Amino acid sequence: MEFHDTTVLVTGGARGVGRELTRQLVGLGAHVVAVGRDRERLAALAAAHGDRVSIEVVDLADPAALDALAEALPTRHPTLRAVFNNAGVQHLTDFLADDLPRTRQLLRRELTVNVDAVITLSTGLLPHLRRQPSAAIVNISSGLAVVPKPSAPVYCAAKSAVRTFTRALRYQCEDGAPHVRVVDAVLPLVDTDMTAGRGRGKISPAAAARSVLQGVARGRSEVYVGKARLLPPLMRLAPSLGYRTLRHG
């Protein structure tokens, strides 16, 4: 898919990988609609890129706001042809020690952002995308969908759900709307606000975004980024090693 002179939606567009996707898409000649809840960061992003970036201030943890966004976007941005469901939140959780009533509230928001927002925007915008000559839905998942870590069980489960949803939606589009490509982009550990103080060997948001965009441009249905490229052969040949590595790493 060529991004020049197209309109592209990026959720979580003002931070981390989303900010880099926005920057690099603008560099490729796209107009980006950046979605997030931090008005100041979004305004700064728009100021940096002029009329190449529009902003939508939305709390993706609010189901009503999600529905309203999906309904309004085709009218506000009729040339929209690609959706990058990138926004994500991760709560470290110990179900044996945490305050469970409070934790459940956090986890509900986590699931809404990480799963409901992906499904709502993918399916809510699909009728519009089908009317375009070519279109793409790119859902950002994680290696943790394949090999979970014990400290973030709900995040890992959510990313696994995103991968399964993305594959099933791809099957439907391949059969009924083959000009709409549905892509799963599997990221490794990326150096963002969300991962501050966690893990080693992180890649930069710029490198992650670049790999995702290159994979989409090359027509791949699954884009494994950085160390995540090791997952398919590892889980085929030695899955117990993969599980042990993340369990103790």
For the chain, what is the charge dipole size about the Cα centre, in debye to the nearest 20, if Lys and Arg each add +1 at the Cβ and Asp and Glu each add -1 at the Cβ? 820 debye
Cα-based Debye curve of the range 109-172 sampled at q = 0.15, 0.16, 0.24, 0.26 Å⁻¹ gives log₁₀ I(q)/I(0) of -0.49, -0.55, -1.00, -1.11
Taking the simple approach of a point 7 Å from Cα along Cα-to-Cβ for both Thr245 and Leu230, what is their distance in nm? 0.3 nm
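Checking a compactness column here: for the range 14-70, what do you get for Rg(Cα) / (2.2 N^0.38 Å), N being the number of residues?
Values: Rg = 11.4 Å, N = 57, 2.2 N^0.38 = 10.2 Å.
Expressed relative to 2.2 N^0.38 Å, the Cα Rg reads 1.11.
Using only alpha-carbon positions, what ratio does the radius of gyration of the range 142-249 give when scaled by 2.2 N^0.38 Å?
Numbers: Rg = 14.6 Å, N = 108, 2.2 N^0.38 = 13.0 Å.
For the range 142-249, the normalised Cα radius of gyration is 1.12.
With a 1.4 Å probe and all protein chains left in place, how much of the accessible area of the range 1-151 comes from carbon and sulfur atoms, in whole percent? Show your work: numbers first, answer last.
Working: 3600 of 6770 Å².
Carbon and sulfur together cover 53 percent of it.
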Sorted by average packing, counted as other Cβ atoms within 10 angstrom per residue and highest first, what order do 116-124, 211-219 take? 116-124, 211-219
Give, rounded to the nearest 20 debye, the magnitude of the charge dipole that the range 121-249 has about its Cα centre when Lys and Arg contribute +1 at Cβ and Asp and Glu contribute -1 at Cβ. 320 debye
Could you tell me the distance between the Cα centroids of the range 184-249 and the range 9-67, to the nearest Å? 23 Å
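If I take R0 = 51 Å and measure r between the Cβ atoms of Ala238 and Ala68 in this structure, what FRET efficiency does the formula 1/(1 + (r/R0)^6) give, to the nearest 0.05?
Details: r = 47 Å, r/R0 = 0.92.
According to the calculation, E is roughly 0.65.
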Projected onto the charge dipole of the range 136-191 (+1 at Lys/Arg Cβ, -1 at Asp/Glu Cβ, origin at the Cα centre), which of Ala145, Val162, Gln172 gives the Cα projection farthest towards the positive end? Ala145
Cα long-axis angle, helix 39-49 against the chain (0 to 90 degrees, to the nearest 10): 60 degrees
Note the direction-averaged projected area, equal to a quarter of the hull surface, for the Cα convex hull of the range 75-202, in nm². 9.2 nm²
Label points 7 Å out from Cα along the Cβ direction at Tyr171 and Arg109: separation in nm? 3.5 nm
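Sorting Tyr243, Tyr155 by accessible area (1.4 Å probe), largest first, what list results?
Details: Tyr243 115, Tyr155 20 Å².
Largest accessible area first, the list is Tyr243, Tyr155.
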So for Asp94, Asp38, what's the accessible-area order with a 1.4 Å probe, most first? Asp94, Asp38
Among the lysines, which have Cα under 18 Å from the Cα of Lys202 when same-chain residues fewer than 8 positions away are ignored? Lys149, Lys227
Helix 16-27 axis, angle to the chain major axis (alpha carbon atoms, nearest 10°): 30 degrees
Round to the nearest 10 and give me the degree value, 0 to 90, for the angle of helix 100-111's Cα axis relative to the longest principal axis of the chain. 40 degrees
Positive-end extreme of charge dipole, the chain - chosen from Val186, Pro233, Ala209 (charges on Cβ): Pro233
Would you calculate the separation in nanometres between label points at Leu100 and Glu2, each defined as 7 Å from the Cα along the Cα-to-beta-carbon direction? 5.7 nm
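How much of the DSSP beta bridge set in the range 1-124 is antiparallel, as a percent to the nearest 5? Before the final figure, lay out each step's value.
Details: 0 of 14 bridges.
Just about 0 percent of them are antiparallel.
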At 1.4 Å probe size, what's the solvent-accessible area of Thr164? Round to the nearest 10 Å². 90 Å²
Over the Cα atoms of the chain, compute the convex hull volume and normalise it per residue, giving Å³. 124 Å³
Take Lys159, Lys227, Lys202, Lys149 and sort them by solvent-accessible surface of the protein heavy atoms, 1.4 Å probe, largest at the top. Lys227, Lys202, Lys149, Lys159
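The values are calculated or read from the model by the stated rules, or taken from the named source; none is laboratory data. Just so it is clear, the structure is predicted and the values come from calculations on it, not from any experiment. So basically every Cβ, Gly included, is an ideal-geometry build from the backbone, and we count neighbours across all protein chains shown. Surface areas here come from the heavy atoms of the whole protein model, side chains and all, with no ligands, DNA or RNA. Shrake-Rupley method; radii C 1.70, N 1.55, O 1.52, S 1.80 Å.
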